[in-house]
Amino acid sequence: DKSDKYDSRDVERLQQDDKWVENYLIWRHDVVDDTLKMIDESFQWRKEYTVNDLTESVLPKWLFENGSLFLHGYDKEGYKLFWFKVKHHVRDPKQQLEKKKLVAFWLEHYAKRDHGKPLTVVFDMAETGISHIDLDFVRFIVNCFTDYYPNFLTKIVIFEMPWIMNAAFKIVKGWLGPEAISMLKFTNKSDVQEYISGEYLPPHMGGTDSFKYSYPPLVDDDFQTPLCENGPIASEDEPESKEEIDVDTKETGELNEEQNLNQKKMNSIEQISKSEETDKTEFKPKNAKKALTTFKGPLLHISPAEELYFGSKETGEKKCLIVLTNVTKNIVAFKVRTTAPEKYRVKPSNSSCEPGTSLDIIVSLHGGFAASLQDRFLIMAAEMDQSSGAGIPELTQFWKEVPRTKVMEHRLRCHVVESSKPSSLTLKENAFNIPAKTNEDLHIQLTRLLQINKRLQEQIDRCLWFQQLSLVLSVLSVTVVAFCFYLVYTQRS
C-alpha cells in the first residue's frame with residue numbers, strides 16, 4: 001500500500017518473474033501467508049541495504065582486497081561455492097554495515113549472473129580463534145539465506161571449527177530452523193572431500209587447487225582463456241590420429257548440410273509457439289518460457305539455453321551442439337571459454353557470425369575425459385563494425401580493444417545423462433530435441449514431495465497420538481466402571 005516501502009524494481013520483478021515467486025513459495029512450503037511475510041521482510045531489507053544499487057564503486061576497496069568473501073569453484077553436485085575465510089574477519093562494530101553490504105553485493109552479483117541457482121556456503125575456519133567470533137555477522141549471513149534469498153542455499157560446509165567455538169555455534173543453531181540445521185556439514189581434512197572434490201580445495205584443506213584470491217578484478221567464475229579447436233597442445237596430451245581428424249571433418253560437413261533443414265524446423269517451431277502465445281494473451285503457460293530451451297540475448301540467440309547434455313562413461317556420448325543465431329544487423333564476434341580447458345575442444349572457438357545467420361559450434365570431450373556437473377562454458381559476444389575484417393588477427397585485436405560493457409556473456413552448465421538416449425542437443429539426435437526435465441524442475445518436484453511426505457508424517461503422528469489417548473481414556477473408563485461395580489457389590493454384602 002505504501003509506494004515508498006519497497007524498491008519499485010523489486011515489485012516490478014515480482015510481477016514478471018515467476019521463478020522468483022516460485023522460489024519464495026518453495027522456501028515457505030507453499031504456505032501463502034508465510035510466503036507473503038517473507039516477501040515483505042526481504043523487500044524491506046533490500047531497500048534498506050540498497051541491494052539493487054550495490055556495485056564495486058560504492059563499497060570500500062579494502063573490503064574486496066581483504067579476501068574474506070568470494071565465489072570460486074563448485075561442489076560435487078555442481079553448485080557454486082561461496083567462501084567465507086573466517087581468519088580474515090575481525091569483529092569491528094564500525095565496519096559492520098559495510099561488511100554486511102559486501103555479503104549482499106556478492107549474493108546479488110551471483111543471483112543476477114546465474115539466475116539464482118543455489119549456492120553451497122563454505123566456512124573455512126582454519127587458523128581462527130576468539131577474536132574472529134562475530135555472532136552478529138554470522139546471524140546476518142544466516143538471515144540472508146533463511147529470510148532474504150529464497151531457495152538459495154544447498155548446504156553449509158564448516159571446515160575445522162575450533163572447539164572453543166562450539167558454544168557459539170550452539171547459539172547459531174538456535175537461529176536456524178530444522179531444515180537449515182540439516183544443511184550443516186561439519187568437516188575436517190579427512191572428510192571434506194565428501195562434499196567438495198580436491199580440484200576446488202586449497203592445499204591446507206587437502207586439495208590441489210592453486211587458486212589465490214586477489215583483487216582487482218572480481219573472480220571471473222573460474223573460466224580460462226579461449227579454447228583451442230584441437231584441445232590441449234600435443235605436449236600435454238597425445239596427438240590426434242588422422243582417422244579422428246577425418247571423422248571430425250566428416251561430422252562437421254554433415255552438420256553444415258543439415259543446418260538449413262534444422263534452421264527451418266526451428267523457425268517453424270518458433271512460429272507455432274508465437275501463435276500459441278497470441279491465442280493465450282491473458283496468461284502464460286508455466287513451461288512456455290523453456291519450450292525451445294533458447295536463450296534470447298540482445299546479440300545472439302543461443303540453443304540450448306542452460307545446459308549441455310553429455311552421456312556418462314557407459315553411454316559414451318561425447319559431443320554436443322551449440323547453435324548461435326545472430327539477431328543484429330552487424331557481424332558478431334564470439335569466443336568460448338570453459339572452467340575445464342583440458343577436457344574439451346570446441347569448433348569453432350573464436351570466430352564471428354554474419355548478420356541474420358546461424359552457426360553451429362561442436363563441443364566434444366577430448367581423449368578419455370568425461371563431463372562433470374562442475375564444468376561450465378562461457379560464450380562471449382560483441383558487435384563488430386562492418387568495415388572490420390573477421391580473420392584471426394582482426395578478431396584478436398578486436399577482443400583487446402572492445403569495452404567490457406559492450407560484451408554479451410552467457411553461461412552454460414554441463415549435465416551428464418545416464419540413459420542411452422539423452423534428450424539434448426547432441427550430434428546423434430535431432431539438434432533441437434528438448435530435455436524433459438531440468439535440474440531445477442527435478443529439485444522443485446523433489447522439494448514438494450518431501451513437503452508432502454512431511455505433512456503426511458505429521459498427520460500420522462497426530463493419528464497415533466489420538467489413538468493412544470483414546471486407548472488411555474478407554475482403560476480409565478473400564479477401570480472406573482469396574483470400581484463402581486465393586487463398590488456396589490461390597491455395599492450389598
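The values are calculated or read from the model by the stated rules, or taken from the named source; none is laboratory data. Treat the numbers as computed from the prediction; the structure is a model and nothing was measured. Heads up, the Cβs are rebuilt from the backbone with ideal geometry, glycines too, and the neighbour counts pull from every protein chain shown. Surface areas here come from the heavy atoms of the whole protein model, side chains and all, with no ligands, DNA or RNA. Shrake-Rupley method; radii C 1.70, N 1.55, O 1.52, S 1.80 Å.
Some observations on this one:
- The modelled label-to-label distance for the pair SER477/THR357, using points 7 Å beyond Cα in the direction of Cβ, is 8.7 nm.
- Distance violations [Cα-Cα > 27 Å] among LYS61/LYS85; LYS185/LYS212; LYS112/LYS189; LYS212/LYS406; LYS80/LYS173; LYS47/LYS76: LYS112/LYS189; LYS212/LYS406; LYS47/LYS76
- Computed over the alpha carbons of the range 54-205, Rg followed by Dmax gives 14.7, 41 Å.
- Net charge, PRO93 excluded, C-beta distance under 12 Å - Lys, Arg +1, Asp, Glu -1: 0
- Environment charge at ILE331 (Cβ cut-off 13 Å; Lys +1, Arg +1, Asp -1, Glu -1): -3
- Rounded percent of accessible protein surface that carbon and sulfur make up, the range 295-416, 1.4 Å probe: 52 percent
- Counting every pair of alpha carbons in the range 295-416, the share spaced more than 21 Å apart comes to 38 percent.
- Working note: Debye formula, equal point scatterers on the alpha-carbon atoms of the range 94-148, no solvent; log10 I(q)/I(0) at q = 0.30 Å⁻¹ is -1.34.
- Test item: Cα-centred dipole of the range 295-416, Lys/Arg +1 and Asp/Glu -1 on Cβ, debye: 220 debye
- Protection proxy ranking of 445-458, 145-158 - average other beta-carbon atoms within 10 Å, highest first: 145-158, 445-458
- Mean sequence separation of contacting Cα pairs (under 8 Å, at least six apart), scaled by the length of the range 295-416, corresponds to a relative contact order of 31 percent.
- Relative to the current alpha-carbon distance between SER131 and MET183, full extension at 0.36 nm per residue lengthens the span by 16.1 nm.
- Ordering 401-408, 72-79 by mean Cβ neighbour count within 10 Å, with the highest value first, yields 72-79, 401-408.
- Heavy-atom accessible area per residue - the range 295-416, 1.4 Å, Å²: 38 Å²
- Net charge of the neighbourhood of LYS185, taken over other residues with C-beta under 11 Å away and scored Lys/Arg +1, Asp/Glu -1, is -2.
- Simple Cβ-charge dipole of the range 54-205, Lys/Arg +1 and Asp/Glu -1, about Cα centre, in debye nearest 20: 240 debye
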